[in-house]
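> One structure, pasted below without further comment.
The values are calculated or read from the model by the stated rules, or taken from the named source; none is laboratory data. Being a predicted model, the structure only gives us computed values, none of them experimental. Cβ coordinates were reconstructed from backbone atoms using ideal geometry, including for glycine residues, and neighbour counts include every protein chain displayed. Note: areas computed on protein heavy atoms with side chains; ligands, DNA, RNA excluded. Shrake-Rupley method; radii C 1.70, N 1.55, O 1.52, S 1.80 Å.
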Amino acid sequence: MNWVEAIGYLGTGLTIASTAMSTMIPLRVVSILASVAVMTYGLLTGSMPVVLTEAIQIPFNAWRLYQMVRLVRDVKRAAGGDLSLDWLRPFGESRRVAAGAVLFRKGDPAGEMFLIESGRFRIEELDLDIRPGAIVGELGMLSPGNLRTGTLVCTEPGIVLGVAYADVKQLYYQNPEFGFSFLKLTSERLFQAAQAAPARAPAGTDVI
């Protein structure tokens, strides 16, 4: 076996290794290395179809790797103190909401969470105002049966960014680091809500 064949076998080995990986960042890195090795082998052997195939795959894998690394970095920064969820914007869909509209009711099936971009909203059960920059509806992904835990009403016309739970779950399962950071972020929001609850409770009411 000469060194040209060794490069070809290296590319094959890396390709097989990438298919056995369950997390996206290592998979993308190994896939890029495999493509480089296979493309080099194709150039040395004059196999242009192989070179063309790998040349097309490298930019796609590199772009997806960049997106995932940026996402994990932004979530870690948010979990470290900045609880803005602006990093969700590329994964959601904006919609306009009229005053008086109900986005969801307590007990409804939950399938997405919302980032408030403008306008004002209120959680009726808590008489709690939700302002631009806040996230709402994420707890439905964690609640038993994926049911809404409150009713969200629009009090002033605005725009919300809806992000499907399916997209969040896909990112969660594809990258454990993202999943851990997202759980930490959600936990911090739960603690914030628990700390704010005594201030909203009527005098003489026990708060659990």
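> Run T45 past the list (1) open to solvent by 40 Å² or more (accessible area, probe 1.4 Å); (2) under 27 Å from Y172 (Cβ atoms) and report the number of the one that doesn't hold.
Answer for T45: the failing condition is (2).
> Has the range 4-24 got any residue that is crowded, with 16+ Cβ neighbours inside 10 Å and either under 26 Å from R89 (Cα atoms) or at pLDDT 90 or above (or both)?
Step one: list which residues in the range 4-24 are crowded, with 16+ Cβ neighbours inside 10 Å, which gives 7-8, 10-11, 14-15, 18, 24.
Still in the list and also either under 26 Å from R89 (Cα atoms) or at pLDDT 90 or above (or both): 24.
For the range 4-24, residues crowded, with 16+ Cβ neighbours inside 10 Å and either under 26 Å from R89 (Cα atoms) or at pLDDT 90 or above (or both): present.
> Would you confirm whether or not the range 71-88 contains a residue that is at pLDDT 70 or above, open to solvent by 70 Å² or more (accessible area, probe 1.4 Å) and assigned to a helix (DSSP H, G or I)?
yes
> Within the range 25-40, work out how many residues are farther than 26 Å from W3 by Cβ and crowded, with 16+ Cβ neighbours inside 10 Å.
3
Residue-by-condition table, conditions (1) open to solvent by less than 20 Å² (accessible area, probe 1.4 Å); (2) on the phi > 0 side of the Ramachandran plot; (3) in the same structural domain as L161 (by the TED database); (4) part of a strand (DSSP E or B):
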| site | (1), (2), (3), (4) |
| --- | --- |
| K106 | no, no, yes, no |
| L115 | yes, no, yes, yes |
| L126 | no, no, yes, no |
| G133 | no, yes, yes, no |
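> Do any residues in the range 42-58 that are touching a residue at least 60 places away in the same chain (Cβ under 8 Å) and under 11 Å from G8 (Cβ atoms) have Cβ atoms under 6 Å from those of residues that are open to solvent by 50 Å² or more (accessible area, probe 1.4 Å) and part of a helix (DSSP H, G or I), where the two are at least six apart or on different chains, and which pairs are they?
none
> Looking at V168, V136, can you tell me which residue is under 24 Å from the mean Cα position of the chain (by Cα) and under 20 Å from F191 (Cα atoms)?
V136
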